[in-house]
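Asks: Here it is, the structure in full.
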Amino acid sequence: MGLFSKLFKGPEIDMEKSQANAKKMRALFNHVVEDGDQYRLIFGYTEDVSRFNYGFVHGSKTKIGNLIVGWNEANQTIVVVPTVPDLSGCGDPAWYRRSEILKAYRSKYPTDAFVIYPNAKEYIGINAYDWLDDEKLYVYVSQDEELAAFTDFFMNQFATK
Amino acid sequence: MPLGEMGALLLVLVAICIFGNLWFHLIEAILKWIKKQLTRHREPPAWHTLPSDEEDRGNG
């Protein structure tokens with residue numbers, strides 16, 4: 001390996017930390033979802049973008065919400081559990097059963113999000129990547145295989161168009 | 001443009017930037033306080049802490 005490739009190599013994933021976080025995700029999910037082991041898990045996040053205008057100062061604010069996303073192929077169900085980047089706790093789960101939702105699709109703009117409308121008034125946009133480096137904002141977990149499986153499930157079984 | 005004028009312009013821009021930031025945080029703080037007053041009687045959303053290993057094994 002040359003000097004330049006050593007100097008400029010990208011960030012490396014700490015697999016030990018990733019596996020520990022994957023275990024915590026599982027523990028939290030199983031804690032709040034009955035038969036949690038029936039679901040496969042990935043980490044995702046939502047973005048809440050709001051515009052503000054405070055007189056001569058205006059712009060936009062983005063809030064990130066971390067999510068543990070579980071899916072069960074047999075039941076055609078996605079369960080979303082809100083959490084925090086250090087996985088110290090989680091909120092109550094929200095269930096999205098394919099037979100009950102209004103629509104679900106993968107958006108292209110502004111981000112590649114998995115969008116679910118449980119009804120006409122509400123929606124959730126789930127962003128997911130194989131790994132995100134910023135531990136202050138996101139759960140540190142490497143999930144290439146799980147993300148590929150979730151994408152396949154969402155696009156081929158869950159999406160409504 | 002003479003160097004002095006350029007420096008003065010830079011200072012004005014920096015002052016505007018600092019004032020804008022202070023203004024933003026002041027308004028944010030006021031809005032946060034108002035929101036807190038309006039929602040203080042509302043129950044906070046449920047929050048479950050990470051179960052300990054022993055507890056987890058007990059459930060499993």
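Nothing in this text is a laboratory measurement; each read-out follows from the coordinates by a stated rule. As the structure is a prediction and not an experimental result, all values here were calculated from the model. Quick reminder, even Gly has a Cβ in these numbers, built from the backbone with ideal geometry, and neighbours come from all protein chains shown.
Asks: Amide H neighbours of A:V84 under 5 Å, at least 5 residues apart or on other chains, H built in the peptide plane: list them.
Replies: Those qualifying (amide H under 5 Å, at least 5 residues apart or on another chain) are A:G89.
Asks: Using amide H atoms built in the peptide plane, which far-off residues or other-chain residues are under 5 Å from A:V141 H to H?
Replies: Close amide H contacts, sequence-distant or interchain: A:L132.
Asks: Helix B:3-39: angle to the longest alpha-carbon principal axis of chain B, degrees 0 to 90, nearest 10?
Replies: Result, in degrees: 30.
Asks: Taking R0 as 25 Å, what's the FRET efficiency between B:L38 and A:S88 from their Cβ-Cβ distance, rounded to 0.05?
Replies: 0.35
Asks: So, one more: Longer than 27 Å from Cα to Cα, which of A:K63/A:K103; A:K23/A:K108; A:K121/B:K36 are they? Say none if no pair is.
Replies: Over 27 Å Cα-Cα: A:K23/A:K108.
Asks: At 222 nm, what helix-only mean residue ellipticity would chain B give, in deg cm²/dmol to the nearest 500, using -39500 (n - 2.57) for each DSSP H run of four or more?
Replies: Details: 2 runs with 44 residues, N = 60.
That comes out to -25500 deg cm²/dmol.
Asks: Can you work out the base-10 log of I(q)/I(0) for the range A:88-161 at q = 0.11 1/Å, using the Debye formula on its C-alpha atoms alone?
Replies: -0.33
Asks: While we're on this one: Which distance in Å, rounded to a whole number, links the C-alpha centroids of the range B:1-24 and the range A:60-109?
Replies: So the two Cα centres are separated by 45 Å.
Asks: Using each residue's phi in the range A:22-28, evaluate 6.51 cos²θ - 1.76 cosθ + 1.60 at θ = phi - 60° and report the 3J(HN,Hα) Karplus result to the nearest Hz, with x for Gly and Pro.
Replies: So the J values, rounded to whole Hz, are 4, 5, 5, 4, 5, 5, 5.
Asks: Computed FRET efficiency, Cβ-Cβ of A:I64 and A:D37, R0 30 Å: what is it to the nearest 0.05? Display every interim value, and only then the final one.
Replies: Working: r = 28 Å, r/R0 = 0.93.
Here the calculated transfer efficiency is 0.60.
Asks: I need to check one value: relative contact order of the range A:13-158, counting alpha carbon pairs closer than 8 Å and at least 6 residues apart, in percent.
Replies: Details: 257 pairs, mean separation 32.6, N = 146.
Rounded, it is 22 percent for the range A:13-158.
Asks: As an exercise, find the ratio Rg/Rh for the protein assembly as shown from alpha-carbon atoms, using the Kirkwood inverse-distance average for Rh.
Replies: 1.08
Asks: Which ordering of B:T49, A:T83 is given by a fewest-first count of other beta-carbon atoms within 10 Å?
Replies: B:T49, A:T83
Asks: Nearest 500 deg cm²/dmol is fine: what mean residue ellipticity at 222 nm does chain A get from its DSSP H runs of n ≥ 4 alone, each adding -39,500 (n - 2.57), divided by its residue count?
Replies: Numbers: 3 runs with 33 residues, N = 161.
The per-residue figure over chain A is -6000 deg cm²/dmol.
Asks: Now a separate question. Taking amide hydrogens as modeled 1.01 Å from N in the peptide plane, which residues meet the under 5 Å criterion relative to A:V115, leaving out close sequence neighbours?
Replies: Under 5 Å from the amide H of A:V115 lie the amide H atoms of A:Y105, A:R106, A:S107, A:I126, each far enough along the sequence or on another chain.
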